[in-house]
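Bear in mind these aren't lab numbers, they're just calculated from the coordinates by the rules spelled out. Everything numeric here is computed off the predicted structure, so don't read it as measured data. Virtual Cβ from ideal backbone geometry, glycine too; neighbours counted across all protein chains shown.
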Amino acid sequence: MSGFSIFDKTSSLHSIYVTLMVNRIQMLYFVIILPVFLIYPYMIWVIILVGFLSQMSIFLLSKWFNSIYASKGYEGFAELLGERSVRVLAFIGLGLILLKITVITLGYVEITQHFIFPSLNTNWMILFILLICWYVGSLGMAPTIRFVVIAFLSTAWMVLLLVNFLFQPSNTIHDLFPLVPFDWTIESWKGVLFIFSALSGPEYLVLLAPWFNTRKKILKYMTIGNAFTIFEYLFLFIASLFFFGPHYLKEIRFPMMEVMRYMESPVFERIDMILISFYLINFVFAISIFILLFYGASRITLKKSKEQTTKSGFAFCCSIVFICLFINNELFWKEATNQNILLELEIWAGALTYILIPLFLFTSLKRKGRV
Amino acid sequence: MFKKRKNTGIGNKIENSITKTKNTPITLEGLRKSIEKMDDAKIIEHQTQNSKLFVLIYVEPLIDQARVNEAVIEPLRRCTKEKISDCISVSEIIDISTLKEAEKQLMRGGVLLFDTIENQLHAVDLKNTTGRAIETSETETILYGAKDSFTENIEQNITMIRRRIPLTSLKSEKFMVGSQTETKIILMYIEGLTNPDFISIAREKIENIDYDQILDSSQLAAFMEDHTHSMFPQFQQTDRPDVCAFALGAGKVTILVDNTPFVLNAPISFFHLFQSPEDYINRWIVASFLRVLRYLSFMLSLLMVPIYVALTTHHYQMIPLQILYVLVDTRSRLPLTPFWESLLMLLTLEVIKEASLRMPTKSGQMLGVIGGIVVGQASVEAGFASQVLIVIVGISAIASFLVPNYLITKANTLIQFIILILASFLGIMGIFMGIILLFVHLNALTSLRQPYLAPVAPFYGKDWLDLFIRGPLRWMKTRPEALHPLQKWRYSRRR
Amino acid sequence: MNHKHAKIIFIIFVNIIVLFGCSPIVEKNLVEEIAPVTFWSVQKGDEEKYRMSTLIPPLVKEKKRLLTVQVDLLKEGVKGFNLKYYRELKLGQLRMLLISEEIATEGISPLIDTILTDPDISKRIYLVIVKGDFDEYINSQLGVQQDLDYYLYRMFKHYDNQGKMTVVNLHEFMKALHSPSHSPVLPVFEANNENFQYLGTGIFKNDKLIETTNNLEEQIYQLLSNDHFLKYFTLRDLSFVLGHVKADIQLDINKAYSELMLTVQLDGRLDEIAREHDSLTRDELSRFELEIESYLEKQTADFLKKLQENKVDPLHFRNHTLRPFSKPLEEKEWSDKWEQMEVKVDYDLKLQPLKDIKN
């Protein structure tokens, strides 16, 4: 083997990548099912409020990025928290990352099955997606992070397609009324939780800190990413409200896809198929990053973080992820009809990690600073 | 890997033994022995006016006979001076001490002059410079703009570049590569502008080449590439001096190889393959349009046939009713599935393309026309292929020629086949998986260790002015950021 | 293992799978082997619940025939078709669903739900109510007109969003069905063995057909709701034809929901006058305008009265009761209030004579 290492830190990437990554990681599976959990027009305010909450988390994260520990990667964490607790955290992280991979992959695969290949055996699809992700990941961390630009460029424009739906003649402003909640139920709380969970993901960027040339206005760049996501959420939600009306929206399973599907083009019918396939680029990017993190976390857990990375080790991690996805798909995802246990778990896990990780890092930084 | 190392070991040993034997002092006998059985080598003995004997040794086809007569033989005959070498009217006379050196000079068009009295060997460079005249480039034709192109003569090529960039900071480093061919290679760059990393990487890569024959610049490129198993060229090959001058000025390095009209420019990015010298001659709006058209046609040529296969095998829903109406009708009588149908048609097209390329120009054109029209028409009438497919194959073939770089056109077909297979397998999803694999591959590629998708990933916003569009030259105030030039501004006075 | 080798192995692996025809996709969609149907006509069956028919082969220039099956379940019908015909019928290109009036009066929810859940079927599928026997019409036209199904589809596509007739697709129907007013509409056609002609707009209450507009009501409906444009507005009672009529509508419901004020600003041309009159003067034109205005006011009020009696709201007046910061009305509450509501209609017509007029 040559000196090539998956976690090679030769290049230091510009902060613009942070913007793009924050945005793309927030625009994964949850955004597709977002309107189902929100339904009511007053959720527009909730999106904005939760967006500010997310901004708080990002502010705390930026404190971490600006600390001296961030650019050291694993050593930084070990220095701050002690090697033993880092290993424990990495072990917990393994589960969380796996859960995240599971939900976004299975969710995406389900959509492909629903809209493109109704008779597809989903396990094949999982295998193909993971094979691609394995290829992406095996080329190393730096190219994978660079891949975010392609993922962004090939998926961000999709939002623009929906502009059309804001100006349909059948739309009335009344579709957005009433704008204040009159019955705030447990479901509404769940909507709040869901949005926050959908916005989660940037907390994993702390693990990628060594690859960025941090310190330089990182907060600004993260904020732009977050703001863009919130803008997209709002836009998508309003467009879907206009398109379905709040009452019909309740009955739709994949509202975003249905909206896309309604679009017409002179060359192809069913543009949704093309758009879903386009969206694969974003998913491949995110899953690859998460698998790489999974590999890194498992190396830390197994006390091997100082050794040379191997392709076979990475391939082994990919196969573990695949087996895990396969089992989850067979046992949980296919069985679930409306209330999906994995999805529920991920909603909670995403929201918790997004609030806890920044807080935890921030407080430990503060403590270290005082002692 | 183990084997390789062993081989090189043996090679080194042999070479060492050869040099040992050749380092012995030169005698006329030794020289005679070296040129034994070389019919074209000549040994001529003459006497000067004061009866000094001198021997001339040269290889006849390599030297300029007229100049030898005029500059060496005539002056020497009339020579009355003490030292023979003082009589010769050439700029440089090299004193030679070893046999190896003597052979080297001899084989490069030098005339060896053996002074029998002083027992000293001199060499005079009188090489025959005949070669092709400067002609118009045939691989990169443009309507307007400079018409000259490189020839096989490296000195002439350097002249053409130096005339365009008359700077002393334009450096040219010489390397000799290839144990058999001893090919002269010149690395050119502008000092103080080109990123020193590129220069040192290129230097290191050239020095590390250990091979017997380097006959062409593409061969050199093969040894300098970072990724051997990629379909994409990692060096820009061009025979246009203006392209080279532009590349040098932007902060790239240029590598010239003797006896090749094509020089290498590096580092390049994927997007360079879509840039034509004419882009900078046309009006910027027109040039931008053409460039966008090129990217579009590249995608079209890659995707049209796979999309046809994907739609007809998996996604009949995606075909508009009007088109489906035509398609169902034509396809319902065909014996082959869309995948095999298009695979065969694409292969046929490749055969025709390749055949017409290898034929002499005029019959090649004929072959192309007849092959295209007749075979296409006949296969439709015979019921082997549908009209729709013939149209699509035709368009995608034409579209593939829009890419200015011919090497990519070849790679194009192969990528098309891979995507075709994926399309027949997984439909539209397969096509996108193919595209993703392509992107991922390009993303990880490097040229001179610089990312291949440079202004996009990694992202350099300013370079986008000359990427998918060709912005007005006035606006391109800085040199491409992706190349990290030492002099950022194109303007000498910053505005 | 070197990843480049892995790539080659991966490609070989894919090749093997493809060449041996082993695909993870069970369903075959080769265009030459399928028959993508473009329409379904669903009528009430004799013994079974539904009688479904379609024209086969769709899209191919072969002799066509009408295929009919009697079924209880819609999807059973698809299966029934496949047992009868050598190409597999596929629903991915289904563009029209023609439902007979009998079924529509009983409620079309079961039908619609089946269509809705099928991921293959586009939400752009046009829904049409047919009075009379559509099969009879198709049978009579088989020899006369080629590719009838295709041209029928083109017709709907042409009139979509044009405001000359009501054209409703599945999504629009569903959105209206779930909107606060719960009164979707669908076009109603009449079919017999010679003709297939547009009758008017069928007004639904939830999923049941309640009422079909007559000629004048239809025109008023088009003006008030559907794109607010009419190319020809025939007023048979007054012997006028107005052309290129554009309507601008203002709606005002008072706070107590007891009064609805509808102001319609009409702009149009006087295309045809079928009564005895002297050369048109400005006075006469304004007299005509007044006459038409009062006539339309009455007719519109009557039309709305009818809707109120039926407790339907196809013009979505209820949407106008929604305010950004107040609680929306309950279902029952609205329905009562709508029935009791006093409707005032005011037309303001601006006519443009075709030729220059004298003062």
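Report the calculated FRET efficiency for C:Ser140 and C:Lys75 (r = Cβ-Cβ distance, R0 = 35 Å), to the nearest 0.05. List each step's numbers first, then the result.
Working: r = 29 Å, r/R0 = 0.83.
Computed FRET efficiency for C:Ser140 and C:Lys75: 0.75.
What is the order of C:Arg323, B:Arg78, fewest Cβ neighbours within 10 Å to most? Walk me through the numbers on the way to the answer.
Values: C:Arg323 13, B:Arg78 10.
Ranking C:Arg323, B:Arg78 by Cβ neighbours within 10 Å, fewest first, gives B:Arg78, C:Arg323.
How far, in nm, would the chain grow between B:Asn208 and B:Asp115 when pulled straight, counting 0.36 nm per residue and subtracting the alpha carbon separation?
29.6 nm
How tilted is helix B:154-164 with respect to the longest principal axis of chain B? Cα atoms for both, answer in degrees (0 to 90, nearest 10).
With both axes taken from Cα atoms, the answer is about 70 degrees.
Would you calculate, for chain C, the mean residue ellipticity at 222 nm contributed by helices, counting each DSSP H stretch of 4 or more residues as -39,500 (n - 2.57) and dividing by all residues, to the nearest 500?
-10500 deg cm²/dmol
Answer rounded, prolate or oblate for segment B:286-450, using the Cα gyration tensor with square roots of eigenvalues a ≥ b ≥ c: rounded when a/c is under 1.5, else prolate when a/b is larger than b/c, else oblate.
Numbers: a/c = 1.84, a/b = 1.13, b/c = 1.63.
Taking the square roots of the gyration eigenvalues as a ≥ b ≥ c, segment B:286-450 is oblate.
Of the cross-linked pairs B:Lys42/B:Lys171; A:Lys63/A:Lys306; A:Lys100/A:Lys303, which ones have a Cα-Cα span greater than 29 Å in the structure shown?
B:Lys42/B:Lys171
Taking every pair of alpha-carbon atoms in segment B:42-134, give the share separated by more than 24 Å as a whole percent.
Above the 24 Å cut-off, segment B:42-134 has 15 percent of its Cα pairs.
Can you list residues from other chains, or at least 5 along the same chain, whose modelled amide H is less than 5 Å from the amide H of C:Ala35?
Here the answer is C:Glu88, C:Leu89, C:Lys90, since their amide H atoms fall under 5 Å of that of C:Ala35.
So what's the gap between the Cα centers of segment B:341-377 and segment B:412-432, to the nearest angstrom?
Each part reduced to its Cα centre gives a spacing of 23 Å.
Identify, among A:Ser305, A:Gly350, A:Phe322, the residue whose Cα sits farthest towards the positive end of the charge dipole of segment A:290-350, taking +1 on the Cβ of Lys and Arg and -1 on the Cβ of Asp and Glu, with the dipole about the Cα centre.
A:Ser305
Just to verify a number: FRET efficiency for B:Asp125 and A:Trp124, C-beta to C-beta distance, R0 = 60 Å, to 0.05? Intermediate values should be presented prior to the final figure.
Details: r = 69 Å, r/R0 = 1.15.
Calculated value: 0.30.
Give me the percent of DSSP beta bridges within the protein assembly as shown that run antiparallel, rounded to the nearest 5.
75
Given a Förster distance of 51 angstrom, what is the FRET efficiency for A:Gln308 paired with A:Glu344, based on the Cβ-Cβ distance and rounded to 0.05? It would help to have the intermediate numbers written out before the result.
Working: r = 40 Å, r/R0 = 0.78.
The formula returns an efficiency of 0.80 here.
Loop-only check: which trypsin sites (Lys or Arg not before Pro) in segment B:251-303 are DSSP coil with at most 10 other Cβ within 10 angstrom? Working shown, then result.
Details: sites: B:Lys252, B:Arg283, B:Arg291, B:Arg294; in loops: B:Lys252, B:Arg283.
Loop-located and lightly packed - B:Arg283.
Using only Cα atoms, find the angle between the long axis of helix B:361-370 and the longest principal axis of chain B, and express it within 0 to 90 degrees, rounded to the nearest 10.
Helix B:361-370 and the main axis of chain B meet at about 10 degrees.
Using θ = phi - 60° and the Karplus relation 6.51 cos²θ - 1.76 cosθ + 1.60, list the HN-Hα couplings for segment A:108-123 in order, rounded to whole Hz, with x at every Gly or Pro.
3J(HN,Hα) across segment A:108-123, in whole Hz: 5, 4, 4, 5, 4, 5, 5, 9, 9, 10, x, 9, 6, 7, 5, 4.
So for B:Ile418, A:Ile6, fewest C-beta neighbours within 10 Å to most, what's the order?
Listing B:Ile418, A:Ile6 from fewest to most nearby Cβ atoms yields B:Ile418, A:Ile6.
Which value results for Rg/Rh of chain C when Rg is the Cα radius of gyration and Rh the Kirkwood radius based on the inverse mean 1/r?
A ratio of 1.10.
Using the 2.2 N^0.38 Å rule of thumb for compact globular proteins, work out how segment C:270-359 stacks up: its C-alpha Rg over that value, please.
1.60
State whether segment B:395-460 is rounded, prolate or oblate according to the following rule on the C-alpha gyration tensor (a ≥ b ≥ c being the square roots of its eigenvalues): a/c under 1.5 gives rounded; otherwise a/b larger than b/c gives prolate, and the remaining case gives oblate.
Oblate, because a/c is 1.5 or more while a/b does not exceed b/c.
Counting only residues 5 or more places away or on other chains, whose amide H sits under 5 Å from the amide H of C:Arg323 once H atoms are built in the peptide plane?
Counting only residues 5 or more places away or on other chains, the set is empty.
Can you run phi through the Karplus equation (6.51, -1.76, 1.60; θ = phi - 60°) for segment A:225-238 and list ³J(HN,Hα) in whole Hz, with x for Gly and Pro?
The phi angles translate into x, 5, 5, 5, 4, 5, 4, 4, 4, 4, 4, 5, 5, 5 Hz.
Take peptide C:146-154, look around each residue's Cβ out to 10 angstrom, count Cβ atoms belonging to other protein chains, and average those counts.
1
How would you rank C:120-132, B:367-379, B:32-44, C:68-80, highest first, on the average number of other Cβ atoms within 10 Å across their residues?
Highest mean packing first, the order is C:120-132, C:68-80, B:367-379, B:32-44.
Label points 7 Å out from Cα along the Cβ direction at C:Phe325 and B:Met366: separation in nm?
8.7
Choose one of B:Val72, C:Tyr159, C:Ile112: the residue whose Cα lies farthest towards the positive end of the charge dipole of the protein assembly as shown (beta-carbon charges +1 Lys, Arg; -1 Asp, Glu; about the Cα centre).
Comparing the listed Cα positions along the dipole, B:Val72 ranks first.
Just want the ordering: B:Ser149, A:Ser188, from fewest to most Cβ atoms lying within 10 Å of their own Cβ.
In order of increasing Cβ crowding within 10 Å: A:Ser188, B:Ser149.
Separation between the B:Leu407 and B:Glu45 pseudo-spin-labels, each 7 Å from Cα along Cα→Cβ, expressed in nm?
Those two pseudo-labels are separated by 5.4 nm.
What spacing in nm lies between the two simple spin-label points modelled at A:Ile92 and B:Glu36, each 7 Å away from Cα in the Cβ direction?
For the pair A:Ile92/B:Glu36, the computed spacing is 8.5 nm.
Just tell me the longest site-free run in chain A, where the sites are trypsin sites (Lys or Arg not before Pro) in a DSSP loop having at most 16 other beta-carbon atoms within 10 Å.
Between the exposed loop sites, the longest stretch runs A:10-214.
To the nearest 20 debye, what charge dipole does the protein assembly as shown have about its Cα centre, counting +1 at the Cβ of each Lys and Arg and -1 at the Cβ of each Asp and Glu?
5380
Grab the other residues whose beta carbon is less than 13 angstrom from that of A:Leu359, score K and R as +1, D and E as -1, and report the net. The partial results should precede the final answer.
Numbers: positive: A:Lys63, A:Lys366, A:Arg367; negative: A:Glu203.
Around A:Leu359, the charge tally is +2.
Which one of A:Gln55, B:Leu121, B:Gln387 has its Cα pushed farthest toward the positive end of the charge dipole of the protein assembly as shown, where Lys and Arg give +1 and Asp and Glu give -1 at the Cβ?
So the residue furthest toward the plus end is B:Leu121.
Explain nothing, just the number: dipole magnitude of segment C:30-212 about its Cα centre with +1 on each Lys and Arg Cβ and -1 on each Asp and Glu Cβ, in debye rounded to the nearest 20.
520
Mind checking A:301-309 for the average number of partner chain beta-carbons within 10 Å of each residue's beta-carbon? Each step should come with its number before you reach the end.
Working: counts 0, 0, 0, 0, 0, 0, 0, 0, 0.
The mean count of partner-chain Cβ atoms within 10 Å per residue comes to 0.
For peptide C:324-333, compute the average count of partner chain beta-carbon atoms within 10 Å of each residue's beta-carbon.
If you average over the peptide's residues, the count of other-chain Cβ atoms is 3.
Place a +1 charge on the Cβ of each Lys and Arg in segment A:16-370 and a -1 charge on the Cβ of each Asp and Glu, then give the dipole magnitude about the Cα centre in debye, rounded to the nearest 20.
Charge dipole, segment A:16-370, about its Cα centre: 1820 debye, nearest 20.
How much space per residue, in cubic angstrom, does the convex hull of the C-alpha atoms of the protein assembly as shown take up?
Spread over its residues, the Cα hull of the protein assembly as shown gives 263 Å³ apiece.
Quick one: helix B:196-207 against the long Cα principal axis of chain B, what's the angle to the nearest 10°, folded into 0 to 90?
70
Sort out for me the Cα centre separation of segment C:279-332 from segment A:105-167, rounded to whole Å.
What the calculation gives is 50 Å, centre to centre.
So what are the three principal axis dimensions of chain A from its Cα atoms, in whole Å, longest to shortest?
61, 48, 36
Using only alpha carbon positions, build the gyration tensor of segment C:121-215, then give the equivalent ellipsoid semi-axes as the square roots of 5 times its eigenvalues, largest first, whole angstrom.
Details: eigenvalues 123, 47, 26 Å².
The answer is 25, 15, 11 Å, longest axis first.
Sketch the reach of a paramagnetic label on B:Thr228 as a point 7 Å from Cα along Cα-to-Cβ, and name the residues of segment A:124-162 whose backbone nitrogen lies under 18 Å away.
Taking a point 7 Å out along Cα→Cβ of B:Thr228, no residue of segment A:124-162 has its backbone N under 18 Å.
Excluding same-chain residues fewer than 8 positions from C:Lys28, which lysines have a Cα within less than 20 Å of its Cα?
C:Lys75, C:Lys79, C:Lys84, C:Lys90
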